[in-house]
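Have a look at the structure below, then the notes.
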Amino acid sequence: WRGVLSFDKEVEDVEDGDDDEGGLKGRGGRANSERQKRLLELTETTTTKGGGTSGGPVPTVPIGSGCVAQVYKARLTRHHGLHPPGTSVAVKVQHPRILEKVCLDFYIFNKLASMLEHIPYLNLDYLSMKDTVDQFRDIMLPQLDLRVEAHNLRRFRRDFEGETTIAFPEPLVGLTSREVLVERFVEGEPMLNYVKKEDELHSKMDREELARIGLETVMKMIFLHDFIHADLHPGNMIVDHNKSARGSPLRVHMIDCGLTVELGERDHMNLVKILGSLIKRDGHAAGKLMVDTAKKCQATELDVEMFCKGIEKICVDDEDNNFLESVGDYLTDICYLACKHKVKLEAAFINAALACEIMEGLASSLYPDMQVQSV
């Protein structure tokens, strides 16, 4: 990377006793220093293999940080593919020893879940806690290989190719490894600024348009592409104007695509049937589909019937509203009924419904009077 990237600031070694709160905010702390040194080692290895020349300094201050990695801004010092020198890029670098820490956490979770499920008389087996931990593990571990995120970005860019109002950053695959992801830097304003207030810079019309774009994008992910961004929140959305399109419409860039959900043909078809039944207010059919599609269900026939009747009652009591207008309320009630009657819901349904709920909440903050079914 050193022969290709130039960072704005150099590493400042953290002296003993200087790793206090100020150091963490100002220079990233000791962990950040270790991360820079590891990046420098990888840089020198890559440079030696490629025969490149030394580039700019390694960074010291991240522009963003998450549970898995920190992000730095850099520039290309020479051509890379179709990208000329000076192109701004974001460099995402994993936290030191994050893989070992996450694997240890899941080992502990797994042992605790197994122990609780085998305690006599508690009868907690129906909660499938160990299966839940395994499902969470299967979602989290791929995120620790940043090449997977690069693949996800390419998939999203393919799915939404030609769209003028939604975009995903382009990964530089040749510079990406398991621990480091390099992608085009996205210039723009955080979506959170539009959520917080309405003013002359964040007009009501712009907020309404962003709500429509967000909901439309999630619906396409779920129903058309079967590939869902599983970490949708305002912090992962950057807003700008697409100056290459006629009229320079607002455009939403979705970043941090490490967590995704892909249902598969069978689960995707089941999800569409369940949501279709809920939208048609056929609660009994929706409940029966949820039970039939569950891979492991310990509910008795009476529990299944009571669960289906509960879903039917939810639809009848809320007949004045559209399902898509109140996904959050429906999901809460459905999960309560599932726990009460020992019905295990498929993770695919929950993940898709959560994506809808999060975007519904964001859209409601931007445009409280929006009619979701119109999207």
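The values are calculated or read from the model by the stated rules, or taken from the named source; none is laboratory data. Owing to the predicted nature of the structure, the values given are computational and were not obtained by experimental measurement. Neighbour counts run over all protein chains shown; Cβ positions are idealised from the backbone, glycine included. In case anyone asks, the SASA skips ligands and DNA or RNA and just uses the protein heavy atoms, side chains included. Shrake-Rupley method; radii C 1.70, N 1.55, O 1.52, S 1.80 Å.
May I ask which residue of Ile166, Asn123, Pro142 lies farthest towards the positive end of the charge dipole of region 111-177, with charges of +1 (Lys, Arg) and -1 (Asp, Glu) on Cβ and the Cα centre as origin?
In region 111-177, that residue is Pro142.
Can you pull out the chymotrypsin sites (Phe, Trp or Tyr not before Pro) in region 67-128 that DSSP calls coil and that have at most 15 other Cβ atoms within 10 Å?
Those that pass, being in a loop and sparsely packed, are Tyr121.
Which values of log₁₀ I(q)/I(0), to two decimal places, follow from the Debye formula for region 176-248 at q = 0.24 Å⁻¹ with a uniform point scatterer at every Cα?
For region 176-248 at q = 0.24 Å⁻¹, log10 I(q)/I(0) is -1.25.
Using a 1.4 Å probe and counting only protein heavy atoms, arrange Cys103, Cys315 so the residue with the most accessible area comes first.
These residues rank, largest area first, as Cys103, Cys315.
Give me the distance in nm between label points sitting 7 Å out from Cα along the Cα-to-Cβ direction at Lys273 and Tyr121, one decimal.
Taking the two extended label points, one gets 4.2 nm.
Quick check: residue separation of Asn110 and Leu224 times 0.36 nm, minus the Cα distance between them. What number comes out in nm?
37.6 nm
What is the gain in length, in nm to one decimal, between Glu200 and Tyr336 on full extension, counting 0.36 nm per residue of separation less the C-alpha to C-alpha distance?
Stretched out fully, the Glu200 to Tyr336 stretch lengthens by 44.7 nm.
Apply the a/c threshold of 1.5 to the C-alpha gyration tensor of region 122-213 and tell me whether it is rounded, prolate or oblate.
oblate
Could you order Ser277, Ser365, Ser65 by accessible surface area, starting with the largest, using a probe radius of 1.4 Å?
Reading off the accessible areas and sorting them downward yields Ser65, Ser365, Ser277.
Using 7 Å Cα-to-Cβ label points, what is the Leu192/His233 separation (nm, one decimal)?
The modelled label-to-label distance comes out at 0.9 nm.
Would you grab the residues whose amide H sits under 5 Å from the one on His233? Only those 5+ places off in sequence or on another chain, please, with H modelled 1.01 Å from N.
Hits under the 5 Å cutoff: none.
Would you mind classifying region 179-316 by shape? Square roots of the alpha carbon gyration tensor eigenvalues, ordered a ≥ b ≥ c; an a/c under 1.5 is rounded, otherwise it is prolate if a/b is larger than b/c and oblate if not.
Because a/c hits 1.5 or more and a/b exceeds b/c, region 179-316 counts as prolate.
Under the Kirkwood approximation for Rh and a Cα-based Rg, what ratio Rg/Rh is obtained for region 120-163?
So for region 120-163, dividing Rg by the Kirkwood Rh gives 1.33.
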